[in-house]
Every structure is written in C-alpha cells, then in structure tokens.
C-alpha cells in the first residue's frame, strides 16, 4: 500500500504473478523482447550499410537515400506514443505481437520494392508496425518482473541486444554484398521465432485507464516531423525555395498546434503531467542529444568506410561489431551499478568516454587503418554506451508509475527516434553533403570528419546536462533488496 492507502501497481496486478529473472519464464520473456527489439536494431544497421548499393541499384540521389532511413524513423517517431498507449490499454503482449507480424510483412515489401519511391513507402510501413512493437518490449519487462529484478532485466535486455546488433553489421554486410534485398528477408524467420516465444508470456495492461483516441495528436505529430524533416532534407539541393520554406513553416505550426491541443485534451496522447518528474524530463533531453549523435555517426561511418576507404559492405558492417560485444558484457553491469548508486555517475562517465570516441573517429584519414584509427574509437563508443544506455532507460521507467510504463517507454523511444530523424536530415546540411556527392570519396571523407565532431559536441552537451540537472546519487539510488 502507498502512504495514502492506495494499492501499489504490484498489488493492482492481482493474481498475475511477477516473474524473476532467474526462472525459465522470466528468461523466455527476456529472450522474446530481445529478439523482437533486435529486429528493429538489425534492420536499422542493414539499412545504413545498404544505402550505397540501394542508391546504385535504384539510381537514387542522397535525398532519396536519406528518406530510406527517415521514412522509417518518421512513422516510428510519430506513432510510437500511440503504440505505447495502445499497449497500456489493450494489452502489451497483444500489441507487441501485432507489431512483430506487421513488421515482417513490411520487410518483405521493402525487399521486393522496384523503385526508390516504393522502397521508401515500404519503410514508412515498417515504421508504423515498429511503433507497435518497440515500446512493448520494455513495457513488458517493467510490468512483468519483480521490482528488484527490473533494472537487471533492462540491463540484460540492453546487453543481450548486442548479439542482434553485432550480427546485424556482419550478416547484413555479407548479405548486402550479395544483394541488398536479401538483407531485409531475414526479418521473416526472426518474426516467426518471436511470435512462438511470445505465446506463454503474461499479458499486462492498465486496467484503470479510460481509453479515448487522441486524433489531433495522431495527425499533428506526423505533420510536424514530416514538414521539418522534408525541409531540412531538401534544403541542401533546393535552398530556401517556396516549397522548402513552406514545408518548414507547416511543420513548425503543426508542432505549436500539437502542444496547444495536448494541453487542452482531457486524455492526451502525450500527457503534460508526465513531465512533472524532473528526472523524466532531463533524461529525455539527454536522450535527444545522445541518440542524435549515435544515429548520425553510424550513418556517416557506414558510408565513409565504403565510399572513402573503399571497404566492402561486410568489412564496413563488421567494423562496429566491438560496440555490440562490449555492450553485451558490460551494459547489465552498469545497470546494476545504477540501481545501487544512482544513474548520474555512470551516465556522466559514459558521456565523456563516448565524446572521446567520436573525437578519435573524427581524426581518421580517407584511407584509415582499422586497428589504429577506427578500432580505438569504436571501443570507446562501446564502453561509453554501456555506461549510458541501461541507466538512462532504467531511470526513464523508474520515474513514472508502473501502469504508465508503456507510455514512458513510448515517449523515450519517440525522443530517440526523433533525434535520429533530425540527425539524418540535419547533418548532411551542416557538413555540406548533397545530391550525388555521396559517391565522391573526398567529399564523403570531409563530411564524415565534420559530422563526427558534431556528434562529439552533442554527447558532451548531454553529459553536462546530466551532471547539472539529474538528481544526486543519494536521492535517486534505490535501496538494495535481499531475500531470505
């Protein structure tokens, strides 16, 4: 019971048994969420590595390739709050299953797309279904595990995803080297395995929530992101044309309208009250900086290694495998550190290490040595992300009541995807890359190095904000629990 006599979220679960990470049912649920989320991570990796080949095969310019990435991210970022909200209301397991199945179908459409336009449309559809499955994975962990196991489960989820993330560059690079279309077929067998593992998983929902669809938010959020993204993507080629400026104005006005409607809506998709938690607000701002840097760096690194360094897709994909291996072994450990001592210290340290990693990568010449000029930066990226991701994610979910875990996960995922969306749209503009310049080794090399410095600056700002604004370790650390 709470201090005011109200039942806690665990008591509200009724007869639903909370799982332990050490029991078979808990391990199966963890595997289910890891494999499902892994599809999204793997798909993003494959898309980045495949971009030069998609451009050659479909005769696309840089703007078209940006939309292969941003079409997916746009629909995902716009609708992920809907996915989290639907999971809270209709059942997190059910909505997660819808997302997995739909994502597999959309992946087939990407694989058979005959033009850049059809591939972009299929990627948009992928993002729609990813918006259903992405918030559900973390929300199921938060709602299904015992409180003392949740941070460990989230850390294990983060680290174990390293397997899928590590397999993505290697397997994706190998498949792209054969035919980029084959790389998207891999989601079909993965989805079948996830749906099979999901069958015995417990269902959870917010039984007290009153459902009312927020149509204004569903319409205005995509218009906001689409208008701004379209303008930023087109600007390098068209400049301040009437169409570009018009799209930017429409996006900004839609964003203002979105905020005003959410403040007045009785049942908003993005409840302003959830931002009353200082930790929740701070962590989401930090997420914006960190994931913008991460998305931008991975995109430019994949293109740079193939175009400027002349590496094969397999070599370019394998270059970032150490990031995933390091996270696999260390992310869960830093999750445990955050549980005991608070999230601020590992997050600040992780930001500093990640900043140095990006700076190291920014020094690479057009013909880099992997061991001396790429690998050290990649190792620092893996170490920094291991310190950052689990504490960041755990703090977001711990900052809200358990019954709002799907919404909190959805908001944080929306912020991270929006960060990636803006990074892919803005960085080429900032570093002067446009049109077919992505085929010019010298132009790509210069743009890559400038983009890495931008990424280093973004993470540094996120680290400073964490140090200044996140609660002190003494106030945020949770007391250790013992059994027996």
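The values are calculated or read from the model by the stated rules, or taken from the named source; none is laboratory data. If you're wondering where the values come from, they're calculated on a predicted model, not measured in any experiment. Counting neighbours? That spans all protein chains shown, and the Cβs are built from the backbone with ideal geometry, glycine included.
When you go through 357, 377, 350 one by one, which is the residue that is more than 14 Å from residue 297 (Cβ to Cβ) and either in the same structural domain as residue 150 (by TED's automatic domain parsing) or in a loop (DSSP other than H, G, I, E, B) (or both)? Before the answer, list the steps.
Details: 357 fails: more than 14 Å from residue 297 (Cβ to Cβ); 377 fails: more than 14 Å from residue 297 (Cβ to Cβ).
Result of the check over 357, 377, 350: 350.
Quick check: anything in the range 381-389 assigned by TED's automatic domain parsing to the domain that holds residue 153 and surrounded by fewer than 24 Cβ atoms within 10 Å (Cβ to Cβ)? Show your work before the answer.
Initially, the range 381-389 is screened for residues assigned by TED's automatic domain parsing to the domain that holds residue 153, giving 381-389.
Narrowing further to those that are surrounded by fewer than 24 Cβ atoms within 10 Å (Cβ to Cβ): 383.
Yes, some residue in the range 381-389 is assigned by TED's automatic domain parsing to the domain that holds residue 153 and surrounded by fewer than 24 Cβ atoms within 10 Å (Cβ to Cβ).
Yes/no matrix, rows are residues, columns are (1) in contact (Cβ under 8 Å) with a residue 60 or more places away in the chain; (2) surrounded by fewer than 24 Cβ atoms within 10 Å (Cβ to Cβ); (3) under 19 Å from residue 185 (Cα atoms):
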site	(1), (2), (3)
20	yes, yes, no
24	no, yes, no
28	yes, yes, no
32	yes, no, no
68	no, no, yes
80	yes, no, no
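Residue-by-condition table, conditions (1) part of a helix (DSSP H, G or I); (2) outside the structural domain of residue 336 (by TED's automatic domain parsing); (3) under 27 Å from residue 183 (Cα atoms):
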| site | (1), (2), (3) |
| --- | --- |
| 102 | yes, no, yes |
| 113 | no, no, yes |
| 124 | yes, no, yes |
| 150 | yes, no, no |
| 156 | yes, no, yes |
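From the list 132, 141, 197, 161, which one is crowded, with 20+ Cβ neighbours inside 10 Å and either modelled with pLDDT under 75 or more than 26 Å from residue 77 (Cβ to Cβ) (or both)?
161
Would it be correct to say that residue 89 is under 19 Å from residue 411 (Cα atoms) and in the same structural domain as residue 35 (by TED's automatic domain parsing)?
Spelling it out, residue 89 is indeed under 19 Å from residue 411 (Cα atoms) and in the same structural domain as residue 35 (by TED's automatic domain parsing).
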